[in-house]
């Protein structure tokens with residue numbers, strides 16, 4: 001079956017620090033990979049995606065590269081802001097209309 | 001436009017009430033989803049509609065009844081809920097294909113449900 005493993009949180013950083021949130025996966029077939037972000041009291045927003053090996057997804061300064069050899073899709077940002085404080089979910093799908101989520105990583109950015 | 005709308009935003013209901021949650025999208029997506037999310041957990045899939053037909057029911061209790069009146073609308077009818085059903089209910093939509101392609105899902109803001 002499919003599974004996604006994310007690093008435990010919370011991750012606490014100072015503003016302008018470098019962010020990495022680790023995500024590894026196991027999947028049958030060829031998954032598409034996603035990062036979603038959930039701000040307090042809101043739904044999930046698609047942050048970025050990658051559909052094949054070596055693809056780099058990017059949005060709002062966040063990046064993640066689909067690494068098939070290490071089955072990873074780590075989220076990075078060079079300089080975080082207080083407004084980036086949220087819960088980040090790594091997810092994958094191999095089709096059949098189902099998303100498999102990781103457990104989520106809470107990011108807290110302090111001024 | 002990648003917007004999925006949900007109403008109401010908040011709902012408080014007693015265990016004997018009947019209520020409905022509504023979801024709408026105008027992206028031309030043919031797959032629509034209901035998820036349940038408890039605090040500090042990822043969303044859990046409840047139902048999937050594909051081309052207006054129920055394709056996945058993740059063993060959800062019958063007190064939750066989904067309905068897809070047309071390709072843009074998705075309802076979740078609630079009856080005789082329990083306090084443990086209190087959660088954030090999220091609707092999502094995606095492209096679809098008859099073979100079930102690997103498409104991203106777009107989520108609505110959710111309905112915060114409290115069962116008293």
_under 10 Å from the mean Cα position of the chain (by Cα), more than 12 Å from chain B (Cβ to nearest Cβ) and crowded, with 17+ Cβ neighbours inside 10 Å: which single residue out of A:91, A:64 fits that description?_
A:64
*Could you run through region A:49-92 and say how many residues are part of a loop (DSSP other than H, G, I, E, B) and either in contact with a helix residue (DSSP H, G or I) (Cβ under 7 Å, 6 or more places away or on another chain) or more than 12 Å from residue A:19 (Cα to Cα) (or both)?*
12
*Across region A:1-24, which residue is farthest from the other protein chains (Cβ to nearest Cβ) among those that are surrounded by fewer than 20 Cβ atoms within 10 Å (Cβ to Cβ) and under 23 Å from residue A:52 (Cα atoms)?*
A:20
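For every residue, the table says whether it meets (1) free of Cβ contacts under 8 Å to residues at least 24 places away in the same chain; (2) over 25 Å from residue B:5 (Cβ atoms).
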position	(1), (2)
A:19	no, yes
A:30	no, yes
A:37	no, no
A:43	yes, no
A:55	yes, yes
A:87	no, no
A:90	no, yes
A:94	no, yes
A:101	no, no
*Could you tell me which residue of region B:14-33 is surrounded by the fewest Cβ atoms within 10 Å (Cβ to Cβ), considering only residues that are part of a strand (DSSP E or B) and within 12 Å of chain A (Cβ to nearest Cβ)?*
B:31
*On the given criteria, is residue B:71 within 15 Å of residue B:32 (Cβ to Cβ), crowded, with 17+ Cβ neighbours inside 10 Å and away from chain A (no Cβ under 14 Å)?*
yes
*Within region B:83-97, restricting attention to residues that are modelled with pLDDT under 95 and assigned to a loop (DSSP other than H, G, I, E, B), which residue is farthest from the other protein chains (Cβ to nearest Cβ)?*
B:95
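The values are calculated or read from the model by the stated rules, or taken from the named source; none is laboratory data. Keep in mind it's a predicted model, so treat the numbers as computed, not measured. Cβ coordinates were reconstructed from backbone atoms using ideal geometry, including for glycine residues, and neighbour counts include every protein chain displayed.
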